[in-house]
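The values are calculated or read from the model by the stated rules, or taken from the named source; none is laboratory data. Keep in mind that what you see is a predicted model, and the values were worked out from it rather than measured. As a convention, Cβ positions derive from the backbone with ideal geometry for all residues, glycine included, and neighbour counts pool all protein chains shown. For accessibility, only protein heavy atoms count, side chains too; no ligands or nucleic acids. Shrake-Rupley method; radii C 1.70, N 1.55, O 1.52, S 1.80 Å.
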Amino acid sequence: MLEEERAAHGALERALTVFLAGAECPFTCSFCDLWRWTLDGPTPPGALPAQLRQVLDNLDNLDSLHRLKLYNASNFFDRQAVPREDVPRLAELAAPFAAVTVESHANTIGPLTLEFAAMLSGRLEVAIGLETIHPVAAQHLNKRLDLERFDRAAAFLAKHEIDLRVFVLLGAPYVPADESIEWAIRTARYAAERGASRIAIVPVRGGNGELERLQALGDFVPPTLAQLEVALERCLTIRSAVVTADLWDVERLPGCETCRPQRIARIRAMNLFPDSRLPAPGSCPACA
């Protein structure tokens, strides 16, 4: 996927996101459906470099791209997911890029992170799912992450001059629907205060079976497109980090079909140009 992203200094940068197929994540978070695109066993050595090489070989104007994001639906620093012998080759393939982003659970941040950073010619960024700081929800997501562990990972990355990108959930299970926006904002602020330079608000989407079970119990209410718009707009007051809304599968978010195109266009504009936003949709007759 090729996209433009807003950088910390306000300029736009072109990014290439490559979705790599490998081993399933051992953390079975209740809100996650990424296991649907993973393997049943460990990632075979050589598989990830082969996938990345195939993508790069089919791209034109590679030198126009600034950032490479390697998302493997698991944890980059878990050697079941990314075999140790593949890491140097992945770093070599990433050489044309000024910045490289990988995703990993906070529990995996450590010496392996530093090893990969040292291999890169560009700057490393690690994306970590903080998800929510809501005390009840955080205990029930099955993520096995407490705030102290997240804080240590964030401090470790900052100490070694590795950038931090954080995923924040909107509509996390066990968060009351009328508090969903507020807890997303609180979580984003928490991440920014601990050094996150980029924060993505990710609306929780059903489809993995567990969320449907929780919805039937009244423990999960799907967030709406309007809630995502409001959460993003309110988070733009966070000046120490670039805050954006994740629009992956945005058409699945509940919302009014009459004002949906206008709301999506406004969110896209806020993602890229937060200081020159489109006007709010205002009162929509179909929503009344």
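Might you tell me the accessible area per residue for segment 9-158, computed with a 1.4 Å probe and given in Å²? Before the final figure, lay out each step's value.
On the way: 6620 Å² over 150 residues.
Per-residue value: 44 Å².
Work out, step by step, the length gained on full extension between Cys284 and Asp63: first 0.36 nm times the residue separation, then minus their alpha carbon distance; give nm to one decimal.
Details: separation 221, 0.36 × 221 = 79.56 nm, distance 4.43 nm.
The span from Cys284 to Asp63 would gain 75.1 nm if fully extended.
Could you point to the residue in Ala127, Leu214, His160 farthest towards the positive end of the chain's charge dipole, with +1 and -1 charges on the Cβ of Lys/Arg and Asp/Glu respectively?
His160
If I take R0 = 41 Å and measure r between the Cβ atoms of Arg14 and Val136 in this structure, what FRET efficiency does the formula 1/(1 + (r/R0)^6) give, to the nearest 0.05? Don't jump to the answer; show the numbers that get you there.
Values: r = 40 Å, r/R0 = 0.98.
Given R0 = 41 Å and the Cβ-Cβ separation, E is 0.55.
Express the accessible area of segment 201-258 per residue in Å², computed with a 1.4 Å probe while the remaining protein chains stay in the model. List each step's numbers first, then the result.
Values: 2630 Å² over 58 residues.
The answer is 45 Å² per residue.
How big is the chain in terms of Cα radius of gyration and Dmax, in angstroms?
Answer for the chain, Rg first and Dmax second: 18.8, 59 Å.
Treat segment 102-172 as a sphere of radius equal to its Kirkwood radius over Cα pairs and apply Stokes-Einstein at 10 °C in a medium of 1.306 mPa s; give the translational diffusion coefficient in µm²/s, rounded to a whole number.
Values: Rh = 12.8 Å.
D = 124 µm²/s.
Going by accessible area, probe 1.4 Å, with all protein chains left in place, what is the ranking of Thr17, Thr258, largest first? Please report the intermediate quantities before stating the final value.
Details: Thr17 5, Thr258 95 Å².
These residues rank, largest area first, as Thr258, Thr17.
Could you rank the peptides 47-58, 227-238 by their average count of other C-beta atoms within 10 Å per residue, with the highest value first? Walk me through the intermediate numbers first.
Details: 47-58: 15.1, 227-238: 19.8.
Top of the packing list down: 227-238, 47-58.
Which whole-number percentage describes the relative contact order of segment 77-161, with Cα contacts under 8 Å and a sequence gap of 6 or more? Let's see the in-between values first.
Numbers: 74 pairs, mean separation 26.9, N = 85.
Reported as a whole number, the value is 32 percent.
At 1.4 Å probe size, put His9, His134, His140 in order of accessible surface, largest to smallest. Don't skip to the answer; put the middle values down first.
Values: His9 150, His134 20, His140 95 Å².
So the residues, ranked largest to smallest area, are His9, His140, His134.
Quick check: the angle from helix 147-159's long axis to the longest principal axis of the chain, C-alpha only, nearest 10 degrees?
Long axis of 147-159 versus the principal axis of the chain: about 50 degrees.
So, by mean Cβ neighbours within 10 angstrom, what's the order for 36-45, 74-83 with the highest one leading?
Numbers: 36-45: 14.2, 74-83: 22.5.
Ranked by mean Cβ neighbours within 10 Å, highest first: 74-83, 36-45.
Hey, any idea what % of the chain's accessible area is carbon plus sulfur with a 1.4 Å probe?
Details: 7030 of 13110 Å².
It is 54 percent, rounded to a whole number.
Looking at the chain, send over the antiparallel percent of its DSSP beta bridges, to the nearest 5. Numbers along the way, then the final one.
Numbers: 5 of 36 bridges.
Around 15 percent of the beta bridges assigned by DSSP in the chain are antiparallel ones.
For segment 1-138, what is the relative contact order in percent, using Cα pairs closer than 8 Å and at least 6 residues apart in sequence? List each step's numbers first, then the result.
Details: 226 pairs, mean separation 31.1, N = 138.
Averaging sequence separation for qualifying contacts and normalising by length gives 23 percent for segment 1-138.
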